[in-house]
Amino acid sequence: MITIYYDGNCTFCNYCRRFAEIHSQPGAMTFVDLNSQEAVAALGNDSRHLVRPFRSIVVHTETNNELTKWQATMMIAKQMKQPWRLLGYLGQVVPSFIGDTIYDWVTYSRRFF
(Lines give C-alpha, C1' and ligand atoms only; values in the text may rest on other atoms or scores of the structure.)
Protein backbone atom coordinates (compact mmCIF):
# COMPACT_ATOMS: atom_id res chain seq x y z
CA MET A 1 0.00 0.00 0.00
CA ILE A 2 1.20 3.48 -0.80
CA THR A 3 0.32 6.70 1.02
CA ILE A 4 -0.40 9.72 -1.14
CA TYR A 5 -0.18 13.24 0.26
CA TYR A 6 -2.04 15.74 -1.90
CA ASP A 7 -3.22 19.37 -1.80
CA GLY A 8 -6.74 19.15 -0.37
CA ASN A 9 -7.43 22.82 -1.18
CA CYS A 10 -7.00 22.19 -4.91
CA THR A 11 -10.16 21.33 -6.84
CA PHE A 12 -8.18 19.64 -9.61
CA CYS A 13 -6.20 17.60 -7.04
CA ASN A 14 -9.42 16.44 -5.38
CA TYR A 15 -10.82 15.41 -8.76
CA CYS A 16 -7.64 13.41 -9.45
CA ARG A 17 -7.86 11.80 -5.99
CA ARG A 18 -11.45 10.71 -6.61
CA PHE A 19 -10.49 9.40 -10.07
CA ALA A 20 -7.62 7.38 -8.60
CA GLU A 21 -9.85 5.98 -5.85
CA ILE A 22 -12.45 4.84 -8.38
CA HIS A 23 -9.91 3.25 -10.74
CA SER A 24 -7.46 1.79 -8.23
CA GLN A 25 -7.05 -1.69 -6.89
CA PRO A 26 -8.88 -2.07 -3.54
CA GLY A 27 -6.62 -1.16 -0.63
CA ALA A 28 -3.74 -0.10 -2.88
CA MET A 29 -3.68 3.58 -1.85
CA THR A 30 -4.33 5.79 1.14
CA PHE A 31 -4.88 9.53 0.58
CA VAL A 32 -3.87 12.20 3.10
CA ASP A 33 -4.51 15.93 2.71
CA LEU A 34 -1.26 17.94 2.94
CA ASN A 35 -3.11 20.35 5.25
CA SER A 36 -3.92 17.66 7.80
CA GLN A 37 -2.14 17.01 11.09
CA GLU A 38 -1.30 13.53 9.83
CA ALA A 39 0.62 15.00 6.88
CA VAL A 40 2.48 17.47 9.09
CA ALA A 41 3.41 14.64 11.46
CA ALA A 42 4.60 12.41 8.60
CA LEU A 43 6.33 15.04 6.45
CA GLY A 44 7.36 17.59 9.09
CA ASN A 45 6.48 21.26 9.42
CA ASP A 46 9.40 22.43 7.30
CA SER A 47 8.79 20.01 4.45
CA ARG A 48 9.48 21.53 1.03
CA HIS A 49 6.23 19.96 -0.14
CA LEU A 50 4.12 22.16 2.13
CA VAL A 51 5.44 25.49 0.85
CA ARG A 52 3.36 27.31 -1.76
CA PRO A 53 3.56 27.68 -4.74
CA PHE A 54 5.54 24.44 -4.97
CA ARG A 55 2.94 22.18 -3.38
CA SER A 56 3.56 18.79 -4.80
CA ILE A 57 2.06 15.37 -4.55
CA VAL A 58 4.14 13.14 -2.31
CA VAL A 59 3.98 9.34 -2.34
CA HIS A 60 5.43 7.15 0.38
CA THR A 61 5.90 3.59 -0.81
CA GLU A 62 5.85 0.39 1.20
CA THR A 63 9.66 0.48 1.28
CA ASN A 64 9.62 4.06 2.71
CA ASN A 65 10.77 5.66 -0.53
CA GLU A 66 9.51 9.18 -1.10
CA LEU A 67 8.44 10.03 -4.63
CA THR A 68 7.32 13.42 -5.91
CA LYS A 69 6.00 14.97 -9.09
CA TRP A 70 6.25 12.75 -12.19
CA GLN A 71 7.58 9.66 -10.42
CA ALA A 72 4.78 9.92 -7.84
CA THR A 73 2.18 10.26 -10.57
CA MET A 74 3.52 7.19 -12.37
CA MET A 75 3.54 5.19 -9.12
CA ILE A 76 -0.12 6.09 -8.58
CA ALA A 77 -0.98 5.05 -12.15
CA LYS A 78 0.74 1.69 -11.58
CA GLN A 79 -1.61 1.05 -8.64
CA MET A 80 -4.68 1.58 -10.83
CA LYS A 81 -6.60 -0.78 -13.07
CA GLN A 82 -5.87 -1.07 -16.78
CA PRO A 83 -5.32 0.94 -18.98
CA TRP A 84 -3.97 3.36 -16.37
CA ARG A 85 -1.51 0.79 -14.99
CA LEU A 86 0.02 0.33 -18.43
CA LEU A 87 0.38 4.10 -18.79
CA GLY A 88 2.16 4.18 -15.42
CA TYR A 89 4.73 1.68 -16.64
CA LEU A 90 5.13 3.39 -20.01
CA GLY A 91 5.51 6.78 -18.31
CA GLN A 92 8.58 5.53 -16.48
CA VAL A 93 10.58 5.64 -19.70
CA VAL A 94 10.08 9.43 -19.81
CA PRO A 95 13.15 11.09 -18.25
CA SER A 96 12.34 12.73 -14.92
CA PHE A 97 13.39 16.20 -16.05
CA ILE A 98 10.82 16.03 -18.87
CA GLY A 99 8.12 14.43 -16.73
CA ASP A 100 8.70 16.92 -13.91
CA THR A 101 8.40 19.78 -16.40
CA ILE A 102 5.04 18.42 -17.54
CA TYR A 103 3.99 17.99 -13.90
CA ASP A 104 5.06 21.56 -13.07
CA TRP A 105 3.07 22.92 -16.02
CA VAL A 106 -0.06 21.06 -14.87
CA THR A 107 0.53 22.25 -11.29
CA TYR A 108 0.84 25.85 -12.49
CA SER A 109 -2.22 25.50 -14.74
CA ARG A 110 -4.46 23.73 -12.24
CA ARG A 111 -5.88 26.98 -10.94
CA PHE A 112 -7.61 27.34 -14.33
CA PHE A 113 -9.42 23.98 -14.01
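Data table
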read-out: Leading residue by the ranking (farthest from residue 109 (Cα to Cα)) among those in the stretch 48-65 that are touching a strand residue (DSSP E or B) at 6+ places or on another chain (Cβ under 8 Å) and either modelled with pLDDT under 80 or not polar (S, T, N, Q) (or both); value: 62
read-out: Pairs, first on the phi > 0 side of the Ramachandran plot in the stretch 62-86, second open to solvent by 80 Å² or more (accessible area, probe 1.4 Å) and in a loop (DSSP other than H, G, I, E, B), C-beta under 9 Å, six or more apart; value: none
read-out: Residue satisfying all of: in the stretch 26-45; open to solvent by less than 40 Å² (accessible area, probe 1.4 Å) and more than 18 Å from residue 10 (Cα to Cα); modelled with the highest pLDDT among these; value: 29
read-out: Residues satisfying the stated conditions in the stretch 93-113, i.e. part of a loop (DSSP other than H, G, I, E, B) and modelled with pLDDT of 95 or more; value: 93, 94, 95
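The values are calculated or read from the model by the stated rules, or taken from the named source; none is laboratory data. Every value quoted in this text rests on a predicted model; they were computed, and no experiment measured them. Note that each Cβ is placed from the backbone with ideal geometry, even for glycine, and that neighbours are counted across all protein chains shown. Heads up: the accessible areas ignore ligands, DNA and RNA and are worked out on the full protein's heavy atoms, side chains in. Shrake-Rupley method; radii C 1.70, N 1.55, O 1.52, S 1.80 Å.
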